[in-house]
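Since every read-out is calculated from the coordinates, none of them should be taken as a lab result. Bear in mind the structure is a predicted one, so any value in this text is a computation, not a measurement. Every residue, glycine among them, receives a Cβ derived from its backbone with ideal geometry; neighbour counts consider all protein chains shown.
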Amino acid sequence: MIDQATAPEPKFRVRAAHTPTTLTVYQAYRPGIGVPAAREGRFPAAWSRSRMTWIKPSFLWMMYRCGWGTKEGQETVLAVDITRAGFEWALRNACLSHHVPALHGTPADFKRALREAPARVQWDPERDLGLNPLPHRSLQLGLTGEAAARYADEWIVGIRDVTPLAREIHGAVRSGRTAEARALLPQESPYPAPEGLLAHLGA
């Protein structure tokens, strides 16, 4: 029997900061979008509803993507609290971003499913404090069309600017204060996804 304390992480599993009713995802924007979003608790008119928007439950994967908030156009890091009901709706209506014959059938079937889905999922390597890849995967959820509109108008419970936290953790990492950096990280744990919710997404 495998000791559960030392059992390896499942390769595909949603890990996030969550409550009984909400889940936290991360995005990074230029200040012109991110600052008013955090101030008002909703995205400003300049936020595009016509583009796919990617939300990430993993804080460290967001740090990898935005370079701790240093990349151009990603200087403001947001923690967006959304309803679990909305998150699960997106997962139920999502399609993987790459073709898996066992899940999608022919390439033509996959292209049709991808075109019709209002959400898509990528499983990318999770990251450690040094932003190095780990063996298990982190969920990235892309929202477009109906899903993007629901996200902006219905699912958001609150938006926080966590750029100062990102900079504080990055500073601790750079100076070798690993234990301090780890203690500052948002507490993420396996998300209690209903049985079968992720089956069509390869998990």
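With Cα atoms defining each centre, the range 13-41 and the range 47-86 are spaced 7 Å apart in the structure. Site-free segments of the chain were taken between trypsin sites (Lys or Arg not before Pro) in DSSP loops having at most 16 other Cβ atoms within 10 Å, sites themselves excluded; the longest one is 72-176.
Under 5 Å from the amide H of Leu78 lie the amide H atoms of Gln27, Ala28, Tyr29, Val162, each residue being 5 or more positions distant or on a separate chain, with H modelled from the backbone and absent for Pro and chain starts.
Normalised by residue count, the range 20-197 yields a Cα convex hull volume of 126 Å³ per residue.
Once both labels are positioned 7 Å from their Cα atoms along Cα-to-Cβ, the gap between Asp124 and Leu185 label points is 1.7 nm. What the phi angles of the range 119-124 give under the Karplus curve with 6.51, -1.76 and 1.60, with θ = phi - 60°, is a coupling list of 8, 9, 10, 10, 10, 10 Hz, glycine and proline written as x. In summary, the lysines within cross-link reach of Lys11, defined as a Cα separation below 21 angstrom excluding same-chain residues under 8 places away, comprise Lys56. Per-residue Karplus couplings for the range 141-155, computed as 6.51 cos²θ - 1.76 cosθ + 1.60 with θ equal to phi - 60°, are listed in order as 10, x, 10, 9, x, 4, 5, 5, 5, 5, 4, 5, 9, 10, 8 Hz, Gly and Pro entered as x. Note on the chain: helix-only mean residue ellipticity at 222 nm, from DSSP H runs of 4+ residues weighted -39500 (n - 2.57) and normalised by residue number, equals -8500 deg cm²/dmol.
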